[in-house]
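Participant: Got a structure for you, written out below as structure tokens; questions coming shortly.
The values are calculated or read from the model by the stated rules, or taken from the named source; none is laboratory data. The structure displayed is predicted, hence computed values, not measured ones. Note: ideal-geometry Cβ built from the backbone for every residue, glycine included; neighbour counts use all protein chains shown.
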Amino acid sequence: MLNDTSPENGCFKIIPRSQKWGLQEWRRLVRGHQEPLADRDDIDLSGEMDVPLSAGSVLLFQSLVVHGSGANPSPNGRNTALYAYFSPDVRYVPGGNPPTHIGEEAADGRGHSFPVVAGLEGEETLTLFTQMP
């Protein structure tokens, strides 16, 4: 974190051990301040927790952990540096008609898809594909 984060300025939220649920379809990814991490009623959100961090802190987690952060309605900044690791068999492949569901195989044989939200307000979605042998 580049600044201190708290629930007041939209710190990270996670659901510990949620990676054990496997790959999920989350529907609406962009959330407002104090909204729960998901609007699905078939999963248990009771373990959701805030993760306030001090400037200079690092938060590491497996990408299947349910995670997110809300809007920052406070007058205090909340800046982060995000680094993601993808295995060597995952590539961004532009163009075409990407699948709309996580893990769905592309009709053109590019592999299985993994949409990634990018940009401010989650207005852009990039699709990563596992390479087919």
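Participant: Kindly provide the set of residues from the range 17-29 that are in a loop (DSSP other than H, G, I, E, B) and out of contact with any strand residue (DSSP E or B) (no Cβ under 7 Å at 6 or more places or on another chain), ordered by number.
Facilitator: Within the range 17-29, R17, G22, L23, Q24, E25, W26, R27, R28 meet the criteria.
Participant: Please state which one of R40, R17 is of a type outside the set (A, V, I, L, M) and on the phi > 0 side of the Ramachandran plot.
Facilitator: Exactly one residue qualifies, and that residue is R17.
Participant: Exactly one condition in (1) at pLDDT 60 or above; (2) surrounded by 12 or more Cβ atoms within 10 Å (Cβ to Cβ); (3) touching an Asp or Glu at 6+ places or on another chain (Cβ under 8 Å); (4) not basic (K, R) is not met by S54; state its number.
Facilitator: So the condition that S54 fails would be (2).
Participant: Among the numbered criteria (1) surrounded by 15 or more Cβ atoms within 10 Å (Cβ to Cβ); (2) more than 17 Å from the chain's Cα centre (by Cα), which one does C11 miss?
Facilitator: (2)
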